[in-house]
Each structure stands twice: as structure tokens, then as C-alpha cells.
Amino acid sequence: MLLSFWEGFILQGSLILAFGAQNLFVLESGLKKDNQFIVAFVCTLCDFLLILIGLLGFSFLFDQYPEVKFIFGALGTIFLTVTGLNKIFSKQNIGQTKVNRTPLKSPKLNTVLKTLAFSLLNPLVYVDTVFLIGGTGARIEHINSKISFWLGASLLSCLWFFGLSYLSSQLNLLRLRPDFLEKISKASGFLLIIFAVKMAALSFL
């Protein structure tokens, strides 16, 4: 059981460290201190459930219905493109930030919905969690070892997302430089456009 736990932990660690749109969103939420722990919780919960789906053997559904990949790819590309352009061309109220030193937080429901979009509208997340991690765990024969594998992979997700949220929220760059928020937003917007192009290429080519 312990071996299965560490197998899941290490396998998830090798995949989750890739810098993609979801990790960028978690990092930016932490830097802005914008409901960062809600973001971390939703991302962790999505990983919990997607890995469990793979463990239960439902990964074959994606093989039987390849059009699902194109649907999520199209939705994800549109979402990342619109979000990226909005960040690039939006204007931050720097004067207000200088006074308050802390930006206004987004509504919690909006944060949850946006986090779900970043977490689920990406075909690659299903490759990592359902196919690679869940599929690997599904090959384990004993139920206790399967549960141990799932807990190991899930624990790594929890440590990663909450750790990234906490550490990024401790940076004081925003207090030292009030225009830092606008620069972060525009930089993340350009990165999201790049991720959108990459997602479109992987989904449709």
C-alpha cells in the first residue's frame, strides 16, 4: 500500500509541475490575493475527481468518443483567447490600488466558475489525470492499493495548489509597486494567448 501511495504521489508530481494555463491562473490569483485558496480548493477537487474517474475505469469513454476532445479543445481555446485578450486590453485602476494597496476581490461564484473553466476546458488535463494517472492506478489489482495510489496522487495535487497559492500570496511586490498588478495581468494575458494557440494545435491538428 505504501509503495502504491508513493507511486501515485511521484507520478502526479511529474505531471503537475508543467507550467500551463491552470497553474498560471493559480499563481496570478495568489499574487493578487484574489480568493486564492478557493482557487486552490477547486483545482484540487477537480484533480481528486478526475483521477478517481480514471481509477474506476472510465477512461475508455474518451477512446470511444474522440469528438469529446475536439469539443473541449474548442471551448478551451475560445475561453483562453477571450480571457487573454480581456487581460491585455483591460485597464487597471492604478490610482485606487495606490490608495488601498490591495485590489478588490472577485465574487466567489465567479472565481469558482473561472477556476472550473481553467481546470476542465483543457483536453490535456484529461490525458494527465484520467488516462495517465487514473489509467495507471486502474491496473493495480488490490482495492486498498488503488485507494492508496489515489490518495498519494491527490495529496500531491493538494500540496501543489495550496502551496503555490500561499507562497505567491506572500510576495509583497504589489505593495512595493502599485503598477505591478497591471503588468502581471497583461503578461498573463499574452501567455494565455500562447496557451490557446497550443491547445488549438493539439486539439485539431
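FYI, it's all coordinate maths here, none of it is from the lab. Keep in mind that what you see is a predicted model, and the values were worked out from it rather than measured. Note that we place each Cβ from the backbone using ideal geometry, even for glycine, and neighbour counts take in every protein chain shown.
Order these by the 10 Å Cβ neighbour count, fewest first: Phe5, Phe58. Let's see the in-between values first.
Values: Phe5 18, Phe58 14.
Sorted ascending by nearby Cβ count, the order is Phe58, Phe5.
For a quick check: sort Ile140, Ile51, Ile194 by the number of other beta carbons within 10 angstrom, fewest at the front. Intermediate values should be presented prior to the final figure.
Values: Ile140 18, Ile51 27, Ile194 12.
Listed from fewest to most nearby Cβ atoms, that is Ile194, Ile140, Ile51.
Based on the mean of other beta carbon atoms within 10 Å per residue, what is the order of 26-37, 72-83, 160-171, most packed first? Don't skip to the answer; put the middle values down first.
Details: 26-37: 21.2, 72-83: 19.1, 160-171: 17.1.
Highest-to-lowest ranking by the protection proxy: 26-37, 72-83, 160-171.
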* Each label point is 7 Å from the Cα along the Cα-to-Cβ direction; what then is the distance between the points at Leu202 and Gln170, in nm? -> 3.0
